[in-house]
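The values are calculated or read from the model by the stated rules, or taken from the named source; none is laboratory data. None of the values given here were measured: they were computed from a predicted structure. Accessible surface areas use protein heavy atoms only, side chains included; no ligands, DNA or RNA. Shrake-Rupley method; radii C 1.70, N 1.55, O 1.52, S 1.80 Å.
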Amino acid sequence: MYRDVRTKYSQISALVYYLYTKRREKGRVVAVRVVELCGIDRKCGAEVSKLLGELVKVGVATKHKKGVYLLEKHDLAKALAILRNLV
């Protein structure tokens, strides 16, 4: 049971770190690819998709296609605040 909680928090922290590194790139939109975060780990991919689904429900992100979510740069701070509250 503790292992599940720890992996969930590590996936949140990995997503936060990914968003911090992507915000410095050019463009107005940040594309979050689940494959870049998790590779072929299906459990990690499912958890990250759930987290990004929560951001979609709030209206911060949009789902582009399977495994790809889009966040606008001006909404990135709001997304990071939401993810920090989940921890």
(request) Could you tell me the accessible area of Leu52 in Å² (1.4 Å probe, neighbours in place), rounded to the nearest ten? (result) 0
(request) With mean projected area of the Cα convex hull in nm² in mind, check (i) 6.6; (ii) 5.4; (iii) 8.6 and report the label derived from this structure. (result) (ii)
(request) Give the ranking of Ile40, Ile82, Ile12 by solvent-accessible surface, highest area first, calculated with a 1.4 Å probe. (result) Ile40, Ile82, Ile12
(message) Which one, Val48, Val32, Val58, has the greatest fluctuation when you compute a Gaussian network model over the chain with C-alpha springs under 10 angstrom?
(response) Val58
(request) Output the relative contact order of the chain, whole-number percent, from Cα pairs under 8 angstrom with separation of 6+ residues. (result) 32
(request) Considering only protein heavy atoms, with the full assembly of protein chains and a 1.4 angstrom probe, order Asp41, Asp75 by accessible area, largest first. (result) Asp41, Asp75
